[in-house]
Amino acid sequence: MKSLLTIMALWRPHKGRLLLGVIMAALAFGSSLLLMGQAGTRLAGAAIGIGAGFYLLRFAGVARLILRYFERYMTHDALFRALTDLRVWFFRKLAHSSALGIGRKRSGDLLSRLVADIQSLDNLYIRIIVPLVVALLSAPFLFVFCAKGSIGLAFIVTFLFCLMVIGVPLLAGVYAYRMGPHLLKARSALYSQSLDIATGLREARLFQAEQRMTDVLFLKEQALYKAQRHEVVQMTVCQTVAAFLSRCGVLLTLLFAGGVYFHHPDIVHNLTLFFVVMTIFDQFVDLPRAGFLAGEVLHAAQRVTEPLTSEGQIIDHGGCAAPVAYELVAEHLTFGWQKERPLFEDVRFTLKEGERIALLGASGNGKSSLTTLLMGITKPWEGTITLGGVSVSDIDSNALRQKIGWLSQSSHLFDDTIRNNLLLGEKGVSDQKLWEALEKAQLADFVRALPDGLDCWVGENGSALSGGQGRRLALARVLLREASILILDEPTEGLDRETQEEFIRTLNKLDARISVLLITHRMTGLEKVSHVLRLEDGNLKPVPF
Amino acid sequence: MVADKKKLKFWVKEQNSLHKKAVYGLVFQGFLNVILGCAQAWFLARALACILDSSMKGFLSFVFWFFAICLLRLGLNVVQDLMAFSAGQKARSRLRRQILAQIFSAGPSLLRTTHSARIAALLVDNVESLEGYFARWLPSSVLWAPAQWFVVVVLYWQNHRAGLILGISCLLLPVFQAVFGIATGRASRKQFLALSRLQRRFLDRLRGLATIVMAGRSEDEAQALAESADELRQRTMKVLRIAFLTSASTDLVMIIALVGIVITESRYLLHTGSVEQAASALFAVFVVPEAFAPFRAFSAAYQDRARATETAEVAVSLPAVETDPAQKMAVSEISAPVTITFDHVWYRWSAERGWVLNDVSFTLSPDEILLLTGPSGAGKSTLLELVLGFIKPGKGQIYFNGQDSMTIAPASLAQTISYLGQKPLLFYGTLKENILFARPDASEEELHSALKAAQLEVVVSQLPNGLETLIGEGGFGLSGGQIQRLAIARAYLKKSSVILMDEPTAHLDRETEQEIILALKPLLKGKTVIIATHSEEFDLFDKAKSLHLLHSNVSNDKEEISA
């Protein structure tokens, strides 16, 4: 529920348009009622000999046509504006947390699902809120309209209607909400098995496991299909109940019109009443489906609004410019991700200007957390970190990250041109500077030889480049910022031995004025390093080498 | 491009014809529903006519029949929905089996052209997206026109005037659909590329968000995202505007029919008021929505048609299931020990890419090791895949114990060879299951001797649940070295005569690498071994031949390093 409120709050700027969409929908429905009502009145009147003009009928027809068009147009327009805001909000929110996850790679599958979730929120407005609001507006109208004929009828019919548009969709929604996680899990299991098959095609051949893997896949499929069947049965039941309630409402109105109970003398009125009631029931008989959607949408909303930030995280902040001096000093540093388990305790660390230090330690959060601290993304429990004598928390976040460059195997290459990968949206940078950065990364010759040069497409995840070339591009990107300090987090991980050695050679050729913090798990590529530290038991210990 | 379109059409047609029986069943039920709809409208019309007549003769029985048919329709709808869903599931399951067979037939070489995630997405997401296509679009596409004209004919038979009006409106329908449909198609095609590029950009930026933040560019990216999302909105609205006109034209046709019928019938009724006339007029009015309901269902499902084409595009790129006649005749088996001979073997992936392997020849006897060296892309992995039999030489022959590889049954070849690559497959299961994957019917003793030989016993003792610990995605994380030991255990369990290794220690640090090589030494005794590697550590193997591959150039360096 809270997640829905969060989303509603995000949509507040577009309140006017969203409301207009609902009003259009209500008016369009109103014209439908007028149309059918007039049809009933005219036919009934004609049957008993009362002739009248058809102006209202024609008007209703034209009105319905135009209003329906505008209803569709305005609801979609309002929705897309609201969704845009949601995406940007989500992007900003994710930006804060993703920097924390720099040690771990976020699953692409998870991200695609989140993007799909945002997309599915369009159902929230168009298929759920709008019809529901119009239905709820119709209920009192229905009551008043029937009351003219008979109060008793009004009560009965409105009661059935409310059951149909509130009771049944609510049940459907609750059911869909409960079933949601099961379906998602079953589908994930099917996907995992498919991925295992796809990545293990070689093993499948070699161990003659093709039949075995097929059997497992279809077991998972059957589990998913069973859950889906369950859901469809439930949905059918809900729809049948709603349809049954609708037919009962129509039946009762028909009996009333026939004078079976609660007599009312005016035949034309009775017939008009019947037409209008029948139209109202027919219009909203599909609302249980909206209820079902609501159950799923609620889950999507929760996933999208899930708190991704955690304690101790600093939101980007302004501050003073970065100082010219760039000695990095950390004193009495104490920090950890969990309250009882600090990763550093009272740690002292200095990176002098132009110095190169290697940090060893088993793979894990320890070494990468130092990065988040040094770059001002997290705040230590205790202690200070200063850059050129100025506390890191006082420096403008963006200025800090221009001063300290970061490169790791997670440095992402975007599905864009080489130029855009280097610039990352920065404006006013000359091509010459780009070439200089490429030279330092020893990638310039390669790019010059390409047919499109800087405008060559890099491919998804840098697929058009080899592992080594991609890493060099990421390096060039960092060097373009003219950072004074480089934090290299396992920079050669994921490359084959030869490419690693070449890349290390390039790193060793970098400007000697740049300070380097090399985070690694192996004792290779340490030629230019002045000393090595190991992170062990919350302390940094020097390692002889 | 045209050839592709033909292939797509053919694929879609094939799927449709496999699903034919179910579709006809659903169409029949749909038709029954329409017939009942007409009957329902008739009884309702008669009941209301009774009221207008004030005679109330037979009113209650008409009402009874009306309600009974309503309930019957409810029941029919339930059956229809469940049947449609069940048929849809069957169709999807069948398609999934077909695609899986194609994937297995194409084999590991498929991964060179298609990313594994794409394959998994095809198997799961693409097939599942066809739910609407099989369950709703196919039956409604067949049903709507006959159903609509059936209603027109029935109405005409009952009431000529009204029938004529309805008939004319129904004729207008396809005209409007064609006009606006083409316009919509054109607009969406123009926008489609831009739309999908914008979508992909959003996802791509999300994936690289850490990079963007660490470079201090997140605020600018947020702005750029807002701009591109707004562009997305404008483009989408452009397409939708026209699509809404299409819906409006359907509305228009229905309103023309309704208003036209009400006016003409009312005028007629004024002159000739009678119960039958009134009933006829009312029947005409009630039957109009019945005529358009099947079309409405069809329009609602139109998105599902696009899913079919999308899936077809990916499915068609998979090669058809191989029924190579040469392979069918391959029946001979290989027995240990194995001598491998390459006789002037050439290989290329495609005519444009050129020969990867040029005239490679060597003979490898049992208990001999061949070290394959050379830069990335020189063809080391390709050579290994030739030995594995996943691909066939372009020129030349490969012999196993003197038998041409083309005459050897693929199953026999697979049984004889063990392969250790850089990233062995770990699936979500226990450690035991993962090892036994090599040979599920292995005994406990064999499993334990494999664990011992691969030096996994220490690792097992450190795991929370020992052999029963769940590993793989979402399970306990094993280190690179531990995963390689698992692969070695599998190789031990399989007891094959030939062992191929493709850079097995590439991602390991020197210490772990040395340990792994130690674990490997006993495994390689007496076997025929080919190792592709960069590492100097493997030079420690005595009695190793070496073959150095260069880009499109092979230097046949057969040095015998003496012990």
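Farthest toward the positive end of the dipole of chain A, out of A:392, A:228, A:359, is the Cα of A:228, where the dipole comes from beta carbon charges about the Cα centre.
Pairs over the 32 Å Cα-Cα cut-off, from the set A:185/B:90; B:90/B:423; B:494/B:545; A:440/B:190; A:509/B:521: B:90/B:423; A:440/B:190; A:509/B:521. On full extension, the segment bounded by residue A:420 and residue A:445 gains 7.2 nm, given 0.36 nm per residue less the C-alpha separation. For region A:408-545, which whole-number percentage of the solvent-accessible area (1.4 Å probe, protein heavy atoms only) is attributable to carbon and sulfur atoms? That fraction is 49 percent. Total buried accessible area between A and B, probe 1.4 Å, nearest 100: 11400 Å². Measuring r between the beta carbons of residue A:331 and residue A:92 and using R0 = 51 Å, the FRET efficiency lands at 0.95. Once the gyration tensor of the Cα atoms in region A:468-518 is diagonalised, the equivalent ellipsoid follows with semi-axes of 18, 11, 10 Å, ordered largest first. Here the gap between residue B:343 and residue B:24, fully extended at 0.36 nm per residue and compared with their Cα-Cα distance, gives a gain of 109.0 nm. For chain B, the 222 nm mean residue ellipticity estimated from helices alone, with every DSSP H stretch of n ≥ 4 adding -39500 (n - 2.57) and the total spread over all residues, rounds to -21000 deg cm²/dmol. Ignore the peptide's own chain and count Cβ atoms of other chains within 10 Å of each Cβ in A:408-414; give me the average, rounded. Shielding by partners across A:408-414 averages 5.
Counting only Cα atoms, region A:110-246 measures 80, 28, 16 Å along its principal axes, largest extent leading. Taking packing as the residue-averaged number of other Cβ atoms within 10 angstrom, the listed peptides B:257-265, A:407-415 run from highest to lowest as B:257-265, A:407-415. For chain A, the longest principal axis of the C-alpha atoms and the axis of helix A:55-98 are separated by about 20°.
Given +1 at the Cβ of Lys and Arg, -1 at the Cβ of Asp and Glu and no other charges, the dipole of the protein assembly as shown around its Cα centre is 3880 debye to the nearest 20. Counting only aspartates and glutamates at least 8 places from residue B:7 when in the same chain, those with an alpha carbon closer than 14 Å to its own are B:310, B:313. Most tightly packed first, judged by the mean number of other beta-carbon atoms within 10 Å of their residues, the peptides B:488-501, B:88-101 read B:488-501, B:88-101. All other residues with a Cβ under 11 Å from the Cβ of residue B:467 taken together, and with Lys, Arg as +1 and Asp, Glu as -1, what is their net charge? It works out to a net charge of -3.
Candidate cross-link partners of residue B:395 among the aspartates and glutamates, defined by an alpha-carbon separation under 17 Å and a same-chain spacing of 8 or more, comprise B:343, B:352, B:359, B:385, B:404. Taking Cα atoms of chain B, Rg/Rh with Kirkwood Rh, to two decimals? So for chain B, dividing Rg by the Kirkwood Rh gives 1.16.
Relative to the dominant Cα principal axis of chain B, helix B:510-524 is inclined by about 80°.
Legend: Rg and Dmax of region A:402-504, from Cα coordinates, 12.6, 38 Å.
In this rough spin-label picture, where each label sits 7 Å from Cα along the Cβ direction, the residue A:466-residue A:10 distance is 4.3 nm. Remark: spin-label model distance residue A:384-residue B:54 equals 10.1 nm, labels positioned 7 Å along the Cα→Cβ axis. Set the Cα radius of gyration of the protein assembly as shown against 2.2 N^0.38 Å, with N its number of residues, and you get 1.14. Dimensions of region A:308-449 from C-alpha coordinates, computed as largest minus smallest value along each principal axis and given longest first, are 54, 33, 33 Å. The residues of region A:167-264 expose, per residue, 43 Å² of accessible area to a 1.4 Å probe. Within 10 Å of the Cβ of each residue in B:195-204, the mean number of Cβ atoms contributed by other protein chains is 3.
Solvent-accessible area per residue in region A:406-545 equals 44 Å², computed with a 1.4 angstrom probe and all protein chains kept.
Charge dipole of region A:382-475 (Cα centre as origin; +1 on each Lys and Arg Cβ, -1 on each Asp and Glu Cβ, all else neutral): 220 debye, rounded to the nearest 20. Pop out the carbon and sulfur fraction of the accessible area of region B:153-218 as a percent, whole number, probe 1.4 Å. Of the solvent-accessible surface of region B:153-218, carbon and sulfur hold 70 percent. Each peptide in B:70-81, A:43-54, A:75-86 receives the mean, over its residues, of other Cβ atoms within 10 Å, and ordering these scores from highest gives A:75-86, A:43-54, B:70-81. Taking R0 as 60 Å, what FRET efficiency do you get between residue B:149 and residue A:303 from their Cβ-Cβ distance, rounded to the nearest 0.05? Efficiency computed from Cβ-Cβ geometry: 0.80.
Cut-off under 25 Å on the C-alpha distance; same-chain residues fewer than 8 positions from residue A:379 excluded. Which lysines are left, in chain and number order? Hits, sequence-local ones excluded: A:93, A:105, A:339, A:352, A:367, A:403, A:541. Structural descriptor for chain B: relative contact order 16 percent, calculated from alpha carbon pairs under 8 angstrom and at least 6 residues apart.
Summary value for chain A: 16 percent relative contact order, contacts being C-alpha pairs under 8 angstrom separated by 6+ residues. Distance between the pseudo-spin-label points of residue B:457 and residue A:350 (7 Å out from Cα toward the beta carbon): 5.1 nm.
For chain A, the Kirkwood estimate of hydrodynamic radius, built from reciprocal distances between every pair of different alpha carbons, is 29.0 Å.
At an R0 of 22 angstrom, the distance between the Cβ atoms of residue A:58 and residue B:271 translates into a FRET efficiency of 0.55. Once the chain from residue B:193 to residue B:219 is taken as fully extended at 0.36 nm per residue, the excess over their C-alpha distance is 6.7 nm.
Can you tell me the orientation of helix B:20-53 relative to chain B, as the angle in degrees between its alpha-carbon axis and the longest Cα principal axis, to the nearest 10? It works out to around 20 degrees.
If you find the alpha carbon centre of region A:438-454 and of region B:136-194, how far apart are they in angstrom? One Cα centre to the other: 58 Å.
Averaged over the residues of B:416-428, the number of partner chain Cβ atoms lying within 10 Å of the residue Cβ comes to 4.
Taking every C-alpha pair closer than 8 Å and separated by at least 6 residues, the mean separation divided by the residue count of region A:402-545 gives a relative contact order of 30 percent.
The values are calculated or read from the model by the stated rules, or taken from the named source; none is laboratory data. Quick caveat: nothing in here was measured; it's all calculated off a predicted structure. Cβ: placed from backbone, ideal geometry, glycine included. Neighbour counts: every protein chain shown. Keep in mind that these areas ignore ligands, DNA and RNA; they rest on the heavy atoms of the full protein, side chains included. Shrake-Rupley method; radii C 1.70, N 1.55, O 1.52, S 1.80 Å.
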